[in-house]
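K.L.:
Quick one: this structure, given as structure tokens, is what I'll be asking you about.
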Amino acid sequence: MVVMKMKFPFQKRVKLAQGLWLLSWCATVAGATTFTLGCVLKTELRRRAEVMDNADVHIVPNTLMIVGLASLGINYFASKICQDALDAGRFPRWKNFLKPYFAASCFFTVLMLLAVIMSYAMKGSLESSLKIGLRNGIRFYKDTDTPGRCFQKQNIDRLQMEFQCCGNNDFRDWFEVQWISNRYLDFSSKEVKDRIKSNVDGRYLLDGVPFSCCNPSSPRPCIQYQLTNNSAHYNYDYQTEELNIYLRGCREALVNYYMGLMNTIGAGVLSIFILQGSVLVSLRFLQTAMEAVAGKENTEIETEGYLLEKSVKDTVMEYLNPVLKFLLLTNQVEEGATTSGATPAAT
Amino acid sequence: MPFMPVKFTLQKRVKLAQGVWMLYWLSVIVGIVIFSLGIFFKIELRKRSEMMDNNESHLVPNLLMLVGVLACGINAFGGKVCHDSLDPNKFSKWKPMLKMFLLLCCGFNVLLLLVALLCFLMQFAVYLTLAEGLKNGIKFYKDTDTPGRCFMKRTLDMTQIEFRCCGNNNFRDWFEVQWISNRYLDMSNDVVKDRVLSNVEGKYLMDSVPFSCCNPGSPRPCIQHHLTNNSAHYDYDHRTEELNIWVRGCREALFSYYSSMMNSIGALVILTISVDMAGLKYLCTALETMTDPENPESESEGWLLEKGVKETLADVLSKVKMMGKTNQVEEGQYVQSVVTQVFTDM
């Protein structure tokens, strides 16, 4: 039972070959674009690698880069094949190449679609990775003398200034951590001693935030310290004050940024997927139409082109059988010589 | 005796035509680049126009945009002429316009030179407007409730954060102005009253800087207030502390940014002039002096100027003088004939 049969007179075949050649060059450019988009996303993720706990989300740009490179190869061969298609003498040499070629192309095209789906699915993983990374960043903010953590302060400060955010969930995260190093605390001062004694772990906690939380749009000079104490500042009510420091948390800001980037890239990759799919479908029609011409005297006769010779299920089984046979054969040889006689039953 | 003559065979003429055609299309691309650089420079000036007191001169970017468009047009026309040059039939229709076109090219090159010179010289004007603008910016930092100056605070804060600088010359400029508005000062407080009374103009001055002067690379949390008072902070010496706030002044930072931009644009314009060579000149003189006009494959000679440089200049000057004298006597056909004679002799 043939899938999608279509009639192809000679003129239509010629037009199909010409259109396909143009389309395959467009798809080559699109493949290069996919690779570039993958690189861009990877660079952006690496820039903030210090506030990410794990690199699971990197699978999306890696997949995009692989698919971009593969589609360059696929479309190069597509253009070569359609150039030879109208020449009855040169077309037959591609015969043995086409079956594995279509299998590989379908695999990489489906992989492109998977990359787009993954970019939406990885949101949860990205968020939890950022949660842990930012928590550690805030905890190690004061450790500018510890090797390996020297630049946490600078990174967190620059992150908060660039993304206009403060803390992990919000600015109150800074109240729970000692972010001033002991090197800069005067332990002979009564105030410092009181604060340290006032909590179980002996940490110097205060209701203040670093300067990088300050919002430049505020009409008054930034209030960083004693944020919850209304009487410490003239004409100040911390419950109604909105513009003084950034209210948004950095995790939310970063997740929004990356999801926006991945949505834009996903939209582009989806259109490239449609383009690539149309290239493969046209090539398949051209191949089957030309195969019917082979060996005939008059090359200008009308032929039929189709997508799949058998039904979808049968074609899938046909491609999977060699793979299964290979796997099953290896398994049974390992178990012992006696079972090798039963392998023909697999086919 | 022709100036810089070169013998041209047909092959050499063909190569010259192809080379000059490519050069002209390269010049079109460079023209587009100059146009976009003009737009980029204009946008950068507009972005920071508050720092320059809304007083900056847009002469250079406007000229760059004009020159970019002109370069595209002239070089595209030159490329078309090159393309037609090797076919005698097509070339003959361009021949009468060629001398005007070459004059136009020369004039355009002079304009490019002028623009490049302006790029280098206008930096002084930028420096002066920056000094004035930043001084005013710091003065009006606190006026977030005055219409027209509401966003000065935000602009100055963002500039100090982005360019990693503090104040006009350095951070001490903040000590000389009241940058905290009276709306946020508790006038009933003794400390505030003392400070306000301690200076002639009744300003609330202190040795502090805004938060945007803070350096994120400092190992300790930022010290903004009581900067010159060592005893106000634990383990702090204001003379040796380098990383706490930015030590560079914003005028220097902004000026180095703009001057590097203007220098590179000026260098690119000079490169454009050298790319606009006399290739087309060689080509059309080579074609004109073909020994046998009917046989397109004969050898011919090409040159830059028909006589030597000195003689050509003397000729042109004498022609111009004569033209001046003729204008006094009568206008009309006589002048026109003299002008054509000047062009045919070039």
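The values are calculated or read from the model by the stated rules, or taken from the named source; none is laboratory data. Only a predicted model underlies this, so the values are computations on that prediction, with no experimental measurement involved. Glycine also receives a Cβ, built like all others from the backbone with ideal geometry; neighbour counts cover every protein chain displayed. Surface areas here come from the heavy atoms of the whole protein model, side chains and all, with no ligands, DNA or RNA. Shrake-Rupley method; radii C 1.70, N 1.55, O 1.52, S 1.80 Å.
K.L.:
Hey, can you grab everything whose amide H is under 5 Å from the amide H of A:Glu304? Only 5+ residues off in sequence or another chain; H modelled, so Pro and N-termini drop out.
P.N.:
A:Phe8
K.L.:
Report the relative contact order of segment B:199-274, percent, no decimals, based on alpha-carbon pairs under 8 angstrom and at least 6 residues apart.
P.N.:
Relative contact order comes out at 26 percent.
K.L.:
Quick one: 3J(HN,Hα) in Hz for segment B:167-181, Karplus 6.51/-1.76/1.60 with θ = phi - 60°, rounded, Gly and Pro as x.
P.N.:
Result, ordered by residue: x, 7, 7, 7, 5, 5, 4, 6, 6, 9, 10, 7, 9, 10, 5 Hz.
K.L.:
Under the definition of Cα pairs under 8 Å and six or more residues apart, what whole-number percent is the relative contact order of segment B:116-221?
P.N.:
Working: 87 pairs, mean separation 26.0, N = 106.
That works out to 25 percent.
K.L.:
Calculate the translational D of segment B:171-247 in whole µm² s⁻¹ from Stokes-Einstein, where the hydrodynamic radius comes from the Kirkwood formula applied to all Cα pairs, the temperature is 10 °C and the viscosity 1.306 mPa s.
P.N.:
116 µm²/s
K.L.:
With r as the distance between the Cβ atoms of A:Cys26 and A:Glu176 and R0 = 56 Å, compute the FRET efficiency 1/(1 + (r/R0)^6) and round to 0.05.
P.N.:
Efficiency, rounded to the nearest 0.05: 0.55.
K.L.:
Here's something else I'd like to know. Within 10 Å, at most 13 other Cβ atoms, and a DSSP state outside H, G, I, E, B define an exposed site. Report the longest part of chain A free of exposed GluC sites (Glu not before Pro).
P.N.:
Working: sites that count: A:Glu242, A:Glu297, A:Glu300, A:Glu309.
Counting only loop sites that pass the neighbour cut-off, the longest clear stretch is A:1-241.
K.L.:
Please report the spacing between the Cα centers of segment A:123-157 and segment A:216-232 in Å, no decimals.
P.N.:
When both Cα centres are located, 25 Å separates them.
K.L.:
Let me ask something else about it. Tell me which DSSP H helices of chain A clear both cut-offs, 20 Å or more of axial length from alpha-carbon atoms and a mean Kyte-Doolittle hydropathy of at least -1.0.
P.N.:
Sorted by number, the helices that extend far enough and score high enough are A:10-47, A:59-85, A:95-121, A:123-139, A:250-293, A:312-335.
K.L.:
Additional query: Please give the FRET efficiency for B:Thr9 paired with B:Lys93, using the beta carbon to beta carbon distance and R0 = 25 Å, rounded to the nearest 0.05.
P.N.:
0.50
K.L.:
Take the residue pairs B:Lys139/B:Lys193; A:Lys15/A:Lys99; A:Lys15/B:Lys93; A:Lys123/A:Lys313; A:Lys5/A:Lys296 and return only those whose Cα atoms are more than 29 Å apart.
P.N.:
In this structure, A:Lys15/B:Lys93; A:Lys123/A:Lys313 lie more than 29 Å apart at Cα.
K.L.:
Here is a follow-up. Accessible area drop of at least 10 Å² (1.4 Å probe, protein heavy atoms): which residues of segment A:187-222 qualify, relative to the chain alone?
P.N.:
Going by heavy-atom accessible area, the residues of segment A:187-222 that drop by at least 10 Å² are A:Phe211, A:Cys214, A:Pro216, A:Ser217, A:Ser218, A:Pro219, A:Arg220, A:Pro221, A:Cys222.
K.L.:
In addition: Ignoring ligands, DNA and RNA and using a 1.4 Å probe, state the total buried accessible area between B and A in Å², rounded to the nearest 100.
P.N.:
Chains B and A together bury approximately 2400 Å².
K.L.:
Using Cα-only point scatterers and the Debye equation, what is log10 of I(q)/I(0) for the protein assembly as shown at each q in 0.06, 0.08, 0.09, 0.12 Å⁻¹, rounded to two decimals?
P.N.:
Each listed q corresponds, in turn, to -0.68, -0.96, -1.03, -1.27.
K.L.:
Explain nothing, just the number: relative contact order of segment A:53-122, from Cα pairs under 8 Å at least 6 residues apart, as a whole percent.
P.N.:
Worked out over segment A:53-122, it gives 55 percent.
K.L.:
While we're here: Do any residues of segment B:191-231 show a loss of at least 50 square angstrom of accessible area between the isolated chain and the full protein assembly, using a 1.4 Å probe, and if so which?
P.N.:
B:Phe211, B:Pro216, B:Pro219, B:Arg220, B:Pro221
K.L.:
Computed FRET efficiency, Cβ-Cβ of B:Glu132 and B:Asn62, R0 30 Å: what is it to the nearest 0.05?
P.N.:
Here the calculated transfer efficiency is 0.85.
K.L.:
Using θ = phi - 60° and the Karplus form 6.51 cos²θ - 1.76 cosθ + 1.60, what ³J(HN,Hα) does each residue of segment B:204-219 get, whole Hz, x for Gly and Pro?
P.N.:
Working through the residues one at a time gives 8, 9, 8, 8, 9, 10, x, 5, 6, 7, 5, 9, x, x, 6, x Hz.
K.L.:
Per residue, how much accessible area does chain A show when a 1.4 Å probe rolls over the protein heavy atoms, in square angstrom?
P.N.:
Spelled out: the 1.4 Å probe surface of chain A, per residue, equals 53 Å².
K.L.:
If I compute solvent accessible area with a 1.4 Å probe over the protein chains, what percent of it on the protein assembly as shown is carbon and sulfur?
P.N.:
61 percent
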